[in-house]
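The values are calculated or read from the model by the stated rules, or taken from the named source; none is laboratory data. Every value quoted in this text rests on a predicted model; they were computed, and no experiment measured them. Using ideal geometry, Cβ is built from the backbone for each residue, glycine included, and neighbour counts are taken over all protein chains shown.
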Amino acid sequence: MERHPKLALITGSARGLGFDMARHLGQVGHRVIVSDLNDAAVADAVAALRELGIDVIGKTLDVTDAASVTDVFADVRKEVGVVDILINNAGICKDTPALEVEMSLWQANLDIMLTGALSCVRAAAPGMIEKGWGRVINMASQMSFTAFGRDVAYCTAKAGILGLTRSLAMDLGPYGITVNAICPGVIESAMLEEVAKKVEKRDGLEDGDFLRSRAAAIPRRRIGQCADVSKLATFLCSDDSDYIHGQSLHVNGGLLLT
Ligand SMILES: NC(=O)c1ccc[n+]([C@@H]2O[C@H](COP(=O)([O-])OP(=O)(O)OC[C@H]3O[C@@H](n4cnc5c(N)ncnc54)[C@H](O)[C@@H]3O)[C@@H](O)[C@H]2O)c1
């Protein structure tokens, strides 16, 4: 168990990687705040985590709504205290071919994954600075470094997260706040399921072919699990990771080597 339990807010955590990171942080004794777009999804996630004995509250939050970000962090501070750990996890992954993507979808990618992350940091950092301790994790991706095709908005936003992370690390490090990016490869989640179905339909593949071919191309020969990412996130949120700062850490079974 964590020697110094903290308060952690994870954006986009009603499902997938965000939910799993909330579970892992909760299971080592942190109090967690699940936040996501939809009231019902947040309530279900909170109920599921409480079943596991986790100390959790829920907040409906669209990270693209800057006023709502400010309000939610202010409410949290009043209700339970300063957010010590912020994980900017909210994201979307849609087909965005460079020459055809609607500019509104391009903008939505940047708004959610870049501007939304910065808004949350700006709302959380003052409390962390007062306490002289904080952890910020930004969810980047293997796609911060590579491209698959038809993903100009996602790749651009995820590459931007690396710059955001470096710059935040320079500004916040002196206050006892570490800032790092996690770059997952291919991780089993609803988002990945959607991508797999889309590619299989587009390329006339059988059900399951996409993930089988991805697994075969990964040096560890398996698709990643949410827990592979959550274990790293949990470590980065601990006191023991204090000197890991401004880094982009890969969790991809070696896929980036190929
Ligand atoms: N699954 C993978 O293979 C993979 C790989 C690399 C990076 N990632 C990144 O990890 C993060 C989580 O991915 P996942 O696979 O769990 O996806 P997911 O689609 O299962 O979860 C994303 C969550 O973000 C929420 N969200 C979307 N827009 C939001 C907004 N404006 N405000 C608040 N929440 C919002 C969604 O409602 C959803 O619950 C994303 O940033 C994704 O890009 C995932």
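Scan segment 1-22 and report the pairs whose first residue is modelled with pLDDT under 95 and whose second residue is assigned to a loop (DSSP other than H, G, I, E, B) and crowded, with 22+ Cβ neighbours inside 10 Å, with Cβ atoms within less than 7 Å and a gap of 6+ or a chain change.
GLU2/HIS30; PRO5/HIS30
Kindly indicate the residue of segment 131-157 that is among the hydroxyl-bearing types (Ser, Thr, Tyr) and within 18 Å of ILE92 (Cβ to Cβ) and also farthest from the chain's Cα centre (by Cα) among those meeting that condition.
Here the residue is THR156.
Failed condition for PRO184, given (1) over 17 Å from the mean Cα position of the chain (by Cα); (2) within 22 Å of SER230 (Cα to Cα); (3) buried (at least 18 other Cβ atoms within 10 Å of the Cβ), with all others met?
If we test PRO184 against (1) over 17 Å from the mean Cα position of the chain (by Cα); (2) within 22 Å of SER230 (Cα to Cα); (3) buried (at least 18 other Cβ atoms within 10 Å of the Cβ), just (1) comes out false.
Going through segment 10-67 one residue at a time, which ones are surrounded by fewer than 23 Cβ atoms within 10 Å (Cβ to Cβ), among the polar types (S, T, N, Q) and within 12 Å of the ligand (Cβ to nearest atom)?
ASN38, THR60, THR64
Which condition breaks for ALA216 when tested against (1) among the hydrophobic types (A, V, I, L, M, F, W, C); (2) exposed (fewer than 13 other Cβ atoms within 10 Å of the Cβ); (3) touching a residue at least 24 places away in the same chain (Cβ under 8 Å)?
ALA216 satisfies every listed condition except (3).
Is segment 102-113 home to any residue that is within 13 Å of SER248 (Cβ to Cβ), assigned by TED's automatic domain parsing to the domain that holds GLY16 and near the ligand (Cβ under 10 Å from one of its atoms)?
No, segment 102-113 contains no residue that is within 13 Å of SER248 (Cβ to Cβ), assigned by TED's automatic domain parsing to the domain that holds GLY16 and near the ligand (Cβ under 10 Å from one of its atoms).
Filter segment 158-181 for residues that are over 17 Å from the mean Cα position of the chain (by Cα) and without any contact (Cβ under 8 Å) to a residue 40 or more places away in the chain; which is nearest to the ligand (Cβ to nearest atom)?
By that ranking, first place goes to SER167.
Hey, among GLY116, GLY127, which residue is within 11 Å of the ligand (Cβ to nearest atom), closer than 20 Å to ALA8 by Cβ and crowded, with 17+ Cβ neighbours inside 10 Å?
Exactly one of GLY116, GLY127 is within 11 Å of the ligand (Cβ to nearest atom), closer than 20 Å to ALA8 by Cβ and crowded, with 17+ Cβ neighbours inside 10 Å, namely GLY116.
Any chance segment 193-204 includes a residue that's touching a Gly at 6+ places or on another chain (Cβ under 7 Å) and either part of a helix (DSSP H, G or I) or modelled with pLDDT of 95 or more (or both)?
Of segment 193-204, the ones touching a Gly at 6+ places or on another chain (Cβ under 7 Å) are none.
Looking for residues that are touching a Gly at 6+ places or on another chain (Cβ under 7 Å) and either part of a helix (DSSP H, G or I) or modelled with pLDDT of 95 or more (or both), one finds none in segment 193-204, hence no.
Can you give me the ranges of the helices (runs of 4 or more DSSP H) entirely in segment 35-149 with at least 1 residues that are in contact with a Phe, Trp or Tyr (Cβ under 7 Å, 6 or more places away or on another chain) and over 22 Å from SER238 (Cα atoms)?
Result: 39-51, 103-110.
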